[in-house]
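Please read the structure below before turning to the comments.
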Amino acid sequence: MTASIAILGWLMVAATLVPLIRSDHWAVRVLDFPRLQITAVSATVFIVYLWMRKDPDAADHVFFGVLALCLGYQLVRMWPYTPLHRKQVRRITSPDPARSLSVLISNVLMTNRDSSKLRALIHRYDPDVILAVETDSWWEQELREFERSHPECLKRPQANTYGMLLYSRLPLVDPQIRTLVQDDVPSIDTGLRLRSNDVVNLRCLHPRPPVPGESTRSTERDAELLLVAEELKGRDGPSLVVGDLNDVAWSHTNGLFQKISGLLDLRIGRGLYSTFNANWPLIRFPVDHAFVSSHFQVETFAVLPHVGSDHFPVFARLVLTAAAPVVNEQPREATAGDEQEAREKIARAAAIGGVQEESRARQ
């Protein structure tokens, strides 16, 4: 029994250390996801083994020490995604409706053929902007009713699980559907004109994940996120990046994305807000995101009820305020090493034909 517990503990050590390797292979990058589960198992193993070994020898002390260091590392990485940490984006209690923006994001699960729950949620929350991903032509028909209330639309239904539908009641400014990295994976780049006449740059993403059956590497996903980060870097106006990014909030790539783009994470200081897999209560990860520039404060950020998909929808109500840059946490600055790493990741994707000519021209 003790040997089995020790083996489990060493597996948790390996699961902690392997993601530190900067490999793009899916078998390495997939270990970025279960940080909470690794933490919980490691803590349980540590307590049980400590209780079982009444007279530990030198090997036991090594095991305890290594496991404790890995557990401490995991706790430090999880710390920002708890309510004990300072909120990166501060809450506002008296928003100006003219400078407010609400968005509902949902990965619908393309094979889900019950749209009633999602449509009911949209009616209930009445967002200014609706983003639905993994949408094919069937889903376009099912959501067509929202073209009346949200007449500004960008639509690219696809049968490969990377379709994207955007509905807005706010005017779109220079809307584009772009393919940044792979020509069958679209993204959206548009301005949103608020009721105050302020214009917010909105980017909607759903890159391909590094999992068997989709991609054997994270190269293209990482490049798409970092291309957007490079385009937003140093931008003066307010920006918002939303979507199913197929990456967890605490991953190295997401951290690099934040530092390059200067955007803030609504989750930090609030909680995990896990969205996938909606059908597996013990195995859930925060992969559906809303990153904002420091121009915003948040009124509401919530994971919404199950709609028949393997993702929970996400809802955010944001407000442009003059106080936001002062009260929010300052964006993390990218170092020269961060910039170099981002360029190298984008170059690797380009070398395998994974960056479109338009995106290269903007670099």
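The values are calculated or read from the model by the stated rules, or taken from the named source; none is laboratory data. All of these numbers come straight from a predicted model, not from anything done at the bench. As a convention, Cβ positions derive from the backbone with ideal geometry for all residues, glycine included, and neighbour counts pool all protein chains shown. The area values use the complete protein model at the heavy-atom level, side chains included, leaving out ligands, DNA and RNA. Shrake-Rupley method; radii C 1.70, N 1.55, O 1.52, S 1.80 Å.
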Determine which single condition ALA58 fails, assuming it passes every other condition in (1) out of contact with any Leu (no Cβ under 7 Å at 6 or more places or on another chain); (2) closer than 25 Å to ASN254 by Cβ; (3) open to solvent by 40 Å² or more (accessible area, probe 1.4 Å). (2)
Pairs needed: first member in region 111-127, more than 12 Å from HIS306 (Cα to Cα) and in contact (Cβ under 8 Å) with a residue 12 or more places away in the chain; second member anywhere, open to solvent by less than 60 Å² (accessible area, probe 1.4 Å) and among the hydrophobic types (A, V, I, L, M, F, W, C); C-beta distance under 7 Å; at least 6 residues apart or different chains. ILE122/LEU104; ILE122/ILE130; ILE122/PHE146; TYR125/LEU104; TYR125/PHE315; PRO127/VAL103; PRO127/LEU104; PRO127/PHE315
Cβ-Cβ below 8 Å, separation at least six or inter-chain, first residue in region 192-211 and at negative phi and modelled with pLDDT under 95, second open to solvent by 40 Å² or more (accessible area, probe 1.4 Å) and hydrophobic (A, V, I, L, M, F, W, C): which pairs? PRO210/TRP26; PRO210/VAL30; VAL211/TRP26; VAL211/VAL30
If you scan region 165-191, which residues turn out to be more than 21 Å from the chain's Cα centre (by Cα), in a strand (DSSP E or B) and more than 22 Å from SER137 (Cα to Cα)? LEU172, VAL173, ASP174
Please state which of the following conditions ASP265 fails to meet, knowing it meets all the rest: (1) surrounded by 23 or more Cβ atoms within 10 Å (Cβ to Cβ); (2) of a type outside the set (Phe, Trp, Tyr); (3) within 26 Å of GLN158 (Cβ to Cβ). (3)
Is it true that SER23 is part of a loop (DSSP other than H, G, I, E, B), at pLDDT below 95, surrounded by 12 or more Cβ atoms within 10 Å (Cβ to Cβ) and among the hydroxyl-bearing types (Ser, Thr, Tyr)? yes
Please identify the pairs in which a residue from region 1-14 that is touching a residue at least 24 places away in the same chain (Cβ under 8 Å) has its Cβ atom under 7 Å from the Cβ atom of a residue that is not in a helix (DSSP H, G or I), counting only partners at least 6 apart or on another chain. THR2/ARG53
Picking from ILE122, ILE47, which residue would you name as being under 26 Å from PHE285 (Cα atoms), modelled with pLDDT under 95 and not in a loop (DSSP other than H, G, I, E, B)? ILE47
Flagged in region 224-249 as open to solvent by 10 Å² or more (accessible area, probe 1.4 Å) and under 12 Å from the mean Cα position of the chain (by Cα), in numbering order, are ASN246
Which pairs turn up if I take residues in region 26-38 that are on the phi < 0 side of the Ramachandran plot and look for partners that are open to solvent by 20 Å² or more (accessible area, probe 1.4 Å) and part of a helix (DSSP H, G or I) with beta carbon separation below 6 Å, at least 6 apart in sequence or on another chain? VAL28/VAL18; LEU31/VAL18; ILE38/MET12
If you check THR179, THR216, which single one turns out to be out of contact with any helix residue (DSSP H, G or I) (no Cβ under 7 Å at 6 or more places or on another chain) and either buried (at least 20 other Cβ atoms within 10 Å of the Cβ) or in contact (Cβ under 8 Å) with a residue 24 or more places away in the chain (or both)? THR179
Going through region 101-134 one residue at a time, which ones are of a type in the set (S, T, N, Q) and either open to solvent by 30 Å² or more (accessible area, probe 1.4 Å) or out of contact with any Ser or Thr (no Cβ under 9 Å at 6 or more places or on another chain) (or both)? THR111, SER115, SER116
If you check TRP138 against the conditions, is it aromatic (Phe, Trp, Tyr), surrounded by fewer than 20 Cβ atoms within 10 Å (Cβ to Cβ) and farther than 28 Å from THR190 by Cα? no
Please determine whether any residue of region 296-313 is in contact (Cβ under 8 Å) with a residue 40 or more places away in the chain, open to solvent by 20 Å² or more (accessible area, probe 1.4 Å), assigned to a loop (DSSP other than H, G, I, E, B) and among the hydrophobic types (A, V, I, L, M, F, W, C). no
Among the residues of region 64-90, write down those that are open to solvent by less than 40 Å² (accessible area, probe 1.4 Å), part of a helix (DSSP H, G or I) and at pLDDT 90 or above. GLY65, LEU67, CYS70, LEU71, GLY72, GLN74, MET78, PRO80, TYR81
